[in-house]
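The values are calculated or read from the model by the stated rules, or taken from the named source; none is laboratory data. All values derive from a computational prediction rather than experimental measurement. Positions of Cβ are backbone-derived with ideal geometry, glycine not excepted, and every protein chain shown enters the neighbour counts. For the accessible areas, the whole protein counts, side chains as well, though only heavy atoms, and no ligand, DNA or RNA atoms are used. Shrake-Rupley method; radii C 1.70, N 1.55, O 1.52, S 1.80 Å.
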Amino acid sequence: MNYFLDEVLEHVFDFITSNRDRNSVSLVCKSWYKIERYSRQRVFIGNCYSISPERLINRFPGLKSLTLKGKPHFADFNLVPDDWGGFVCPWIEALAKSRIGLEELRLKRMVVSDESLGLLSKSFVNFKSLVLVSCEGFTTDGLASIAANCRFLRELDLQENEVDDHRGHWLSCFPESCTSLVSLNFACLKGEINLGALERLVARSPNLKSLKLNPAVPLDILQKLLMRAPQLVDLGTGSYVHDPSSEVYNKLKSAIQRCKSIRSLSGFLEVAPRCMSAIYPICGNLTFLNLSYAQGLHGNKLTKLIQHCRKLQRLWILDCIGDKGLGVVASSCKELQELRVFPSDLFGANYAVTEEGLVLISAGCPKLNSLLYFCRQMTNAALITVAKNCPNFIRFRLCIIEPKKPDSVTNQPFDEGFGAIVQSCKGLKRLSLSGLLTDQVFLYIGMYAEQLEMLSIAFAGDSDKGMLYVLNGCKKLRKLEIRDSPFGNAALLEDVGKYETMRSLWMSSCKVTLGGCKTLAEKMPSLSVEIIDESEQMEFSLDDRQKVDKMYLYRTLVGHRKDAPAFVWIL
Amino acid sequence: MELQLDLALSTPNMIKGFDLNNLGFDQQKEMGGLEDWNHAGGCFGDKDCLKNKRGFEQAFGNFTEECKAIPLLLWSGHPNEEEDHKDQKKRTSSTIDDMNDAEEDQVVGWPPIKSWRKKTIHQHQVGRIENNRTVEKDNGRSIYVKVKMEGVPIARKIDIRLFHSYQALTNSLISMFAKHQKCNEDDYTRYTLTYQDKEGDWLIAGDIPWQTFIRSVQRLEIVRNSG
């Protein structure tokens with residue numbers, strides 16, 4: 001029985017914004033479930049195959065914002081074949097037919113077609129925001145429909161998508177009446193852009209706060225755009241190359257100086273190091289700096305820039321910054337919370353950053369809570385020091401580039417190093433391992449990583465015990481992805497109920513066999529167990545003892561998906 | 001699973017690189033200037049843009065101020081009657097040509113870098129690379145195309161999917177072939193990038209949109225224009 005009117009409860013629920021809290025609220029009683037579902041506006045679906053669009057629409061008629069994720073994470077690294085799935089089309093079609101007033105759609109790792117974009121653009125009068133991350137399957141024609149038809153569009157944010165670029169007309173499709181843009185990001189487009197249309201669009205968008213250009217936009221145009229939009233908060237440069245002694249460059253310097261609101265800076269796919277000084281005036285305000293595509297920028301030009309960025313909270317850079325450069329970061333950026341160091345030279349033996357750089361950062365930046373670090377050598381001692389200096393890690397991803405490489409000083413596995421991390425960082429939610437590792441590290445993870453939600457394992461472990469330590473110990477585990485590790489059926493089948501508490505499990509090049517997967521599928525009808533095998537043998541080889549190349553399983557409320565391609569076998 | 005370390009051979013003659021990111025060009029004494037690397041510009045869809053073939057310097061817009069004489073390629077000109085143009089060999093990703101560099105055999109999906117990022121980095125590493133092939137099995141995405149340069153005995157193979165414009169492709173080809181050339185000629189000659197399409201016809205590269213081009217290109221050849 002409710003002691004409050006429904007309207008009162010609804011008002012209270014308005015203050016509950018986190019999806020998890022909302023989910024909890026809906027479990028209290030039938031009445032709360034009902035009130036919650038009618039008032040819910042934002043829904044997040046981490047695996048598009050776990051539920052159907054129809055059930056979504058039925059339960060949340062007031063839906064305004066939908067986030068969907070498709071392919072498994074390892075698809076980012078080419079481990080999932082094209083055409084595996086993750087199509088957004090059925091979702092958009094179902095929503096279009098319904099009375100849902102969709103305003104925002106955020107997709108990650110999904111296949112999006114121009115037709116779907118066209119349908120989307122025409123079906124929802126109040127559509128405001130489209131965010132596509134690591135998606136594919138569409139062309140600039142699809143973008144043209146969005147531009148042309150979404151009259152109140154506020155946000156078009158394209159991050160690292162594979163887009164077929166059919167000439168640059170899509171920008172011209174924004175009508176003159178469109179003045180509502182707040183965020184425009186087309187940095188991932190590879191083709192030419194109608195520069196005149198871009199200038200006019202920016203000129204008539206007084207609310208524009210975020211603008212990220214692609215390399216087809218030259219520096220002189222950037223200068224003009226900044227003159228028109230000094231209110232920008234978030235800027236991604238296009239081609240940042242020019243003669244520093246030119247008039248254009250001088251104009252750029254003044255334009256940048258007027259942009260006192262810029263807090264976030266990225267782009268620099270093409271960069272001239274001598275032009276970086278134009279940015280110094282705004283460095284002091286920056287909280288996020290992404291130089292991870294700036295191949296030409298290193299040495300003094302790079303460190304001088306960073307020294308100006310005293311308020312930096314997030315930094316993404318290339319490893320050519322070197323340990324010394326990281327030392328500069330450590331002494332200049334005391335507010336740093338997130339650091340990502342990407343490899344710049346994939347094929348060389350360029351020992352650009354080592355364990356020393358990481359230790360310096362940990363010593364100088366006590367607020368550090370998120371790390372992605374690619375390096376070619378590491379030591380346990382360094383990791384233990386890092387664990388001591390930075391107990392606040394939420395995300396810790398270390399990639400020692402050579403698989404199974406041991407501690408470069410002691411030649412030992414990294415069990416103790418990672419063990420120290422999980423023991424010290426009690427709030428750790430995401431962990432990626434690398435280097436030489438035995439079952440011992442998994443014992444530590446199972447024992448200490450109580451908040452761990454996502455774990456990535458590659459070329460690690462000795463036996464099934466390793467995987468079992470994790471499955472038994474990490475109560476909050478949601479996503480587990482494993483490749484090239486010696487875990488087999490015994491580990492897979494020990495506690496099949498565990499997988500219902502998780503979003504998904506990926507195992508590739510491990511020791512699980514077809515028979516093991518079949519057993520699991522039989523025991524757990526609420527799971528979808530997919531075998532992904534592109535060799536043509538799959539149909540003919542029904543030998544249960546055969547090892548499975550790639551297995552992906554996930555919990556689902558709607559049974560096996562109907563759109564799986566021939567190389568995916570759902571048991 | 002063993003990791004086979006790639007053997008990246010660095011040729012002693014390798015030029016420092018036609019590095020668009022670094023405007024301090026190394027003026028190589030051995031190199032002269034190659035004017036008029038003919039190819040069409042890459043700004044399709046822009047009405048103001050000429051679709052005519054432009055000279056090399058025009059095509060590189062902003063860079064002309066900085067690099068008056070872009071150190072390009074000088075050919076010693078070894079007339080070499082290697083393969084016939086009429087060779088109808090289809091492109092396959094398993095065909096191996098004569099290559100200077102060693103075969104690379106890397107672990108698929110490792111290191112764990114987003115393929116989008118890998119492609120972008122690769123694309124912008126003009127002149128730095130020892131070879132222009134993607135080494136990863138791209139699950140059918142890669143399109144390997146044989147590239148021959150007139151006068152150069154050794155053909156190369158590139159993954160055309162790594163490039164997204166004629167400009168990027170040309171940059172890469174310049175640095176790729178520059179390594180193999182002795183540079184002791186003084187006269188400047190013109191070169192044109194041509195390609196063989198699905199029907200077997202040889203056409204000049206640059207007239208059709210890039211996306212259409214990569215779907216139809218079978219092989220590439222850089223030919224000399226005399227006169």
Restricting segment A:225-251 to residues that are touching an Asp or Glu at 6+ places or on another chain (Cβ under 8 Å) and at pLDDT 95 or above, the one nearest to the other protein chains (Cβ to nearest Cβ) turns out to be A:Leu225
With the first residue restricted to segment A:421-435 and required to be over 12 Å from A:Leu452 (Cα atoms), and the second required to be surrounded by fewer than 18 Cβ atoms within 10 Å (Cβ to Cβ), Cβ contacts under 6 Å at 6 or more apart or on different chains are A:Ser424/A:Pro391
(Q) A:Leu68 - would you say it is out of contact with any Asp or Glu (no Cβ under 9 Å at 6 or more places or on another chain), open to solvent by less than 40 Å² (accessible area, probe 1.4 Å), touching a residue at least 40 places away in the same chain (Cβ under 8 Å) and part of a strand (DSSP E or B)? (A) yes
Filtering segment A:520-539 down to residues that are small (Gly, Ala, Ser) and either at pLDDT 90 or above or closer than 20 Å to A:Val496 by Cβ (or both) yields A:Ala521, A:Ser526, A:Ser528
Note: among A:Leu226, A:Leu198, just one is in contact with a helix residue (DSSP H, G or I) (Cβ under 7 Å, 6 or more places away or on another chain), open to solvent by less than 30 Å² (accessible area, probe 1.4 Å) and closer than 27 Å to B:Phe163 by Cβ, namely A:Leu198
Wholly inside segment A:351-447, strands (runs of 3 or more DSSP E) that include 2 or more residues that are open to solvent by less than 10 Å² (accessible area, probe 1.4 Å) are A:370-375, A:395-400
Filter segment A:318-343 for residues that are within 14 Å of chain B (Cβ to nearest Cβ) and hydrophobic (A, V, I, L, M, F, W, C); the one that is most open to solvent (accessible area, probe 1.4 Å) is A:Cys320
Subset of segment B:158-173, residues modelled with pLDDT of 75 or more and either open to solvent by less than 10 Å² (accessible area, probe 1.4 Å) or away from chain A (no Cβ under 12 Å) (or both), comes to B:Ile158, B:Asp159, B:Ile160, B:Phe163, B:Tyr166, B:Leu169, B:Thr170, B:Ser172, B:Leu173
Checked against (1) open to solvent by 30 Å² or more (accessible area, probe 1.4 Å); (2) at pLDDT 80 or above, B:Ser226 satisfies every condition except (2)
Heads up, the strands (runs of 3 or more DSSP E) in segment A:179-288 (entirely inside) with at least 1 residues that are aliphatic (A, V, I, L, M) and more than 23 Å from A:Ile306 (Cα to Cα) are A:183-185
Of the candidates A:Val25, A:Val43, the one satisfying the condition of being surrounded by 15 or more Cβ atoms within 10 Å (Cβ to Cβ) and under 23 Å from the mean Cα position of the chain (by Cα) is A:Val43
- Task: Answer yes or no as to whether A:Ile193 is over 20 Å from A:Pro215 (Cα atoms) and open to solvent by less than 30 Å² (accessible area, probe 1.4 Å).
- Result: no
The strands (runs of 3 or more DSSP E) lying entirely within segment A:464-545 that contain at least 3 residues which are crowded, with 21+ Cβ neighbours inside 10 Å and either on the phi > 0 side of the Ramachandran plot or touching a residue at least 60 places away in the same chain (Cβ under 8 Å) (or both) are A:504-508
Of the conditions (1) touching a Gly at 6+ places or on another chain (Cβ under 9 Å); (2) at pLDDT 95 or above; (3) assigned to a loop (DSSP other than H, G, I, E, B), the single one that A:Ala294 does not satisfy is (2)
_Any residue that is within 14 Å of A:Val329 (Cβ to Cβ), within 14 Å of chain B (Cβ to nearest Cβ) and at pLDDT below 95 - is there at least one of those in segment A:284-291?_
no
Output for Cβ contacts, cut-off 8 Å, separation at least six or different chains, first residue within 18 Å of A:Gly296 (Cα to Cα) in segment A:306-320, second open to solvent by 70 Å² or more (accessible area, probe 1.4 Å) and not in a strand (DSSP E or B), reads A:Leu318/A:His298; A:Asp319/A:Asn350; A:Cys320/A:His298; A:Cys320/A:Asn350
Over segment A:257-298, the set of residues out of contact with any Leu (no Cβ under 9 Å at 6 or more places or on another chain) and not polar (S, T, N, Q) is A:Lys260, A:Leu269, A:Pro281, A:Gly284
For A:Ser172, the lone unmet condition from (1) more than 13 Å from chain B (Cβ to nearest Cβ); (2) hydroxyl-bearing (Ser, Thr, Tyr); (3) in contact with a helix residue (DSSP H, G or I) (Cβ under 6 Å, 6 or more places away or on another chain) is (1)
